[in-house]
Amino acid sequence: MKLNALFNRSLWVYHFNSGSCNGCEIEIVATLTPRYDPERFGIRLVGSPRHADVMLVTGPVVHRMKDRLLRVYQQIPDPKIVMCIGACGISGGVFYESYNLDGPVDEVIPVDVYVPGCPPRPEAIIHGVVKALEKLERLQGVEA
Amino acid sequence: MTPAEIALLAAWCAALSLFALAGGLLLSGIDRKLAAHMQARIGPPIRQPFIDTVKLLQKDTVVPANAIPWLFNAAPVVALVSSVLVLFYIPVGSTMPVLGAYGDLVLVMYLLTVPALALVAGGFASGSPYATVGAQREMVTMIAYEFPLAIVVIGVAWRLGAAGISHPFALQSIAANPVWSVTGPLGLAGVFILLVVLAAITPAELSRIPFDTQEAETELAGGLLVEYSGRNLAMFSLAQAAKTLVLAAIIVAVFFPWTLSSFLAMPPVVALAADLLFFLLKAVLVLFFAVTLVRVAMARFRINELVSFYWVYLSVIGLAGLLLLMADVIAGPLAGVGI
Ligand code: SF4
């Protein structure tokens, strides 16, 4: 894995819904509106996991979605970052201890950045991306 | 040809290939910036397509388990090579086409279909239902826009031929004799209509909104390219960028072939640079009106609407332009203008 700094300026994002209430989706879409304009940092929403660098996971991973989450995670080419958006992905949130959960997300796939909130505001999601960038820079520092 | 000539030719071709890639990425960056400004955004830096390409080259290249590996890996190479190759037959600025002696506008038309065919082959070889649907749509789109494209090419070349210009299909003679200068008033209207038709074909050739049904991010998740990643995806996006430059170059060569050096006297080196800049300026303007403005202002057509748009409306409009050109040839000698 050889990363250089240009990688950070071109993060393509794939969004995966593992059973969320759609509140977080609305906030993610709000983050992509012209008001916040993440494209100025090279961030783009893509439709295929094969094109993605960052995976945004929302929801508490219901039983049915576990296999799909694992498969989509494996379909993303390395190097990749996983961001967990919303309280449900972190702990189960309002669905805590539901009979139907295989989650939270970090019990299924490794998570790099957690963005708490139910739902988190766009500012919080952008802050999460900044944290992800810091992590990438640390990785690049180690590998340089 | 002597070895020296061959070496010179190869050097020119290498320089042009670099220019095709860099210029194409630059034009895509300008397109994204302009689109962002039209949507009241700041938008990515103009060098963003370069960054994206470098990023993709750092990523893993995945070949899916049910793909046909050799075809899956060959398609991006074919697409990239053929898109760059087209530029060897098109005049850029004041430099005449490098391989102009070996091919004309008809060859360019054929070569333009090769990247699309490579995409189709790659899509079918991906072994993904999304990519297969995308590949079928790409074929339908290609069949739809070929007819109006042929009308434009034949219309322009036929009018030049009727004006007594030898080799009307060769891009050198098209570039040397702007088609506007040989026509009368009726013909001017006809040529303008053909220009509009060619501009309307451009987004489909580049699979841009409103004619990007084959990539349709929202419904097909990237369509043809759904399974491509890393190096292969980078090659496809480079091919796309080169094709952007090539299409702009074709419109410029056929409809706006004027160069700065033919108006102002300047030393050859300055003239080369000035004409190149002027060419890029013309290309940006052409792409702004043909691609950026259209894609910001419109939503995507359904595939059946796309076919009727090209086969019915645009073909009729193109034929009307052709008839006007014919009327111009007949009326020209009578009215004492034109030929
Ligand atoms: S964190 Fe809250 S808003 Fe987001 S998916 Fe869970 S319940 Fe919905």
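The values are calculated or read from the model by the stated rules, or taken from the named source; none is laboratory data. Model, not experiment: these values are computed from the prediction. Note: ideal-geometry Cβ built from the backbone for every residue, glycine included; neighbour counts use all protein chains shown. Ligands, DNA and RNA are excluded from the accessible area calculation, which covers all protein heavy atoms including side chains. Shrake-Rupley method; radii C 1.70, N 1.55, O 1.52, S 1.80 Å.
Taking the Cβ of A:Pro119 as the center, what net charge do the other residues with Cβ under 14 Å away carry, scoring Lys and Arg +1 and Asp and Glu -1? It would help to have the intermediate numbers written out before the result.
Details: positive: A:Arg121; negative: A:Glu25, A:Glu27, A:Glu123.
That works out to -2.
Under a 1.4 angstrom probe, counting protein chains only, how are B:Lys243, A:Lys131, B:Lys33 ranked by accessible area, largest first? Don't skip to the answer; put the middle values down first.
Numbers: B:Lys243 15, A:Lys131 90, B:Lys33 45 Å².
Highest to lowest solvent-accessible surface, that is A:Lys131, B:Lys33, B:Lys243.
With every protein chain kept in the model, how would you rank B:Leu111, B:Leu277 by accessible area, 1.4 Å probe, largest at the top? Show your work: numbers first, answer last.
On the way: B:Leu111 25, B:Leu277 120 Å².
Listed by decreasing accessible area, they come as B:Leu277, B:Leu111.
Once you have a ≥ b ≥ c as the square roots of the Cα gyration tensor eigenvalues for segment B:228-309, tell me rounded if a/c is under 1.5, and otherwise prolate or oblate according to whether a/b is larger than b/c.
Values: a/c = 3.23, a/b = 1.70, b/c = 1.90.
Oblate is the answer for segment B:228-309, as a/c is 1.5 or above yet b/c matches or exceeds a/b.
Compare B:Val252, B:Val77, B:Val316 in a GNM of chain B, Cα atoms joined below 10 Å, and give the one with the largest fluctuation.
B:Val316
In deg cm²/dmol and to the nearest 500, what is the mean residue ellipticity at 222 nm of the protein assembly as shown if only DSSP H runs of at least 4 residues count, each as -39500 (n - 2.57), divided by the residue total? Display every interim value, and only then the final one.
Details: 17 runs with 276 residues, N = 483.
It lands at -19000 deg cm²/dmol.
Work out Dmax and Rg for segment A:11-137 from the C-alpha atoms and quote the Rg first, both in angstrom.
Here Rg and the maximum Cα pair distance are 13.5, 42 Å.
Looking only at B:Gln39, B:Gln48, B:Gln240, which one moves most when chain B is put into a Gaussian network model with springs between Cα atoms under 10 Å?
B:Gln39
From the gyration tensor of the Cα coordinates in segment B:140-268, what semi-axes in whole Å does the equivalent ellipsoid have, largest first, with each one equal to sqrt(5λ)? List each step's numbers first, then the result.
On the way: eigenvalues 230, 73, 26 Å².
Equivalent-ellipsoid dimensions as semi-axes: 34, 19, 11 Å.
Remind me, what semi-axes does the protein assembly as shown give for its equivalent ellipsoid, largest first in whole Å, using sqrt of 5 times each Cα gyration tensor eigenvalue? Could you put the intermediate results ahead of the total?
Working: eigenvalues 449, 111, 82 Å².
Over the Cα atoms of the protein assembly as shown, the ellipsoid semi-axes are 47, 24, 20 Å.
Pairing the Cα long axis of helix B:268-287 with the longest principal axis of chain B, what angle in degrees results, from 0 to 90 and rounded to the nearest 10?
70 degrees
Which pairs break 22 Å Cα to Cα here: A:Lys131/B:Lys55; A:Lys66/B:Lys59; A:Lys131/B:Lys33; B:Lys59/B:Lys243? Intermediate results must be reported in sequence, preceding the final value.
Values: A:Lys131/B:Lys55 19 Å; A:Lys66/B:Lys59 26 Å; A:Lys131/B:Lys33 26 Å; B:Lys59/B:Lys243 24 Å.
Those over the limit are A:Lys66/B:Lys59; A:Lys131/B:Lys33; B:Lys59/B:Lys243.
Any chance you could look up the accessible area of B:Phe289 with a 1.4 Å probe, heavy atoms only, rounded to 10 Å²?
Near enough 130 Å² of accessible area.
To the nearest whole number, what is the average tally of beta carbon atoms from other chains within 10 Å of the beta carbons of peptide B:32-39? Could you put the intermediate results ahead of the total?
Details: counts 2, 2, 0, 1, 4, 0, 0, 4.
Partner-chain Cβ atoms within 10 Å, mean over residues of B:32-39: 2.
For helix B:129-162, what angle does its Cα long axis make with the longest principal axis of chain B, in degrees from 0 to 90 and rounded to 10?
Computed tilt is about 10 degrees.
Indicate the gyration tensor shape class of segment B:150-212 (rounded, prolate or oblate), computed on the Cα atoms with a ≥ b ≥ c the square roots of the eigenvalues: a/c under 1.5 is rounded; otherwise a/b larger than b/c is prolate and the rest oblate. Can you show the working numbers first?
Details: a/c = 2.98, a/b = 1.82, b/c = 1.63.
Prolate, because a/c is 1.5 or more and a/b exceeds b/c.
Chymotrypsin sites (Phe, Trp or Tyr not before Pro), restricted to segment B:150-188: which are DSSP loop and have at most 16 other Cβ atoms within 10 Å?
Details: sites: B:Trp158, B:Phe169, B:Trp180; in loops: B:Phe169.
Of the chymotrypsin sites (Phe, Trp or Tyr not before Pro), not one in the loops of segment B:150-188 has a Cβ with at most 16 other Cβ atoms within 10 Å.
Which of these, B:Asp328, B:Asp275, B:Asp52, has the largest mean-square fluctuation under a Gaussian network model of chain B (Cα springs below 10 Å)?
Checking each option, the largest mean-square fluctuation is seen for B:Asp52.
Over the C-alpha atoms of chain B, what are the Rg and the largest Cα-to-Cα span, Dmax, in Å?
Considering chain B through its Cα atoms, Rg and Dmax are 20.5, 69 Å.
Against the longest alpha carbon principal axis of chain B, how many degrees, from 0 to 90 and to the nearest 10, is the axis of helix B:48-58 turned?
40 degrees
Rounded, prolate or oblate: which fits segment A:72-144 when a ≥ b ≥ c are the square roots of the eigenvalues of the alpha-carbon gyration tensor, with rounded for a/c under 1.5 and prolate only if a/b beats b/c? All intermediate terms of the calculation are to be shown ahead of the outcome.
Details: a/c = 2.81, a/b = 1.52, b/c = 1.84.
Oblate is the answer for segment A:72-144, as a/c is 1.5 or above yet b/c matches or exceeds a/b.
Can you name the helices of chain A, as whole DSSP H runs, whose Cα span along the helix axis is 24 Å or more and whose Kyte-Doolittle mean is not below 0.0? Each step should come with its number before you reach the end.
On the way: long enough: A:122-143 (32 Å, 0.05).
Both cut-offs are met by A:122-143.
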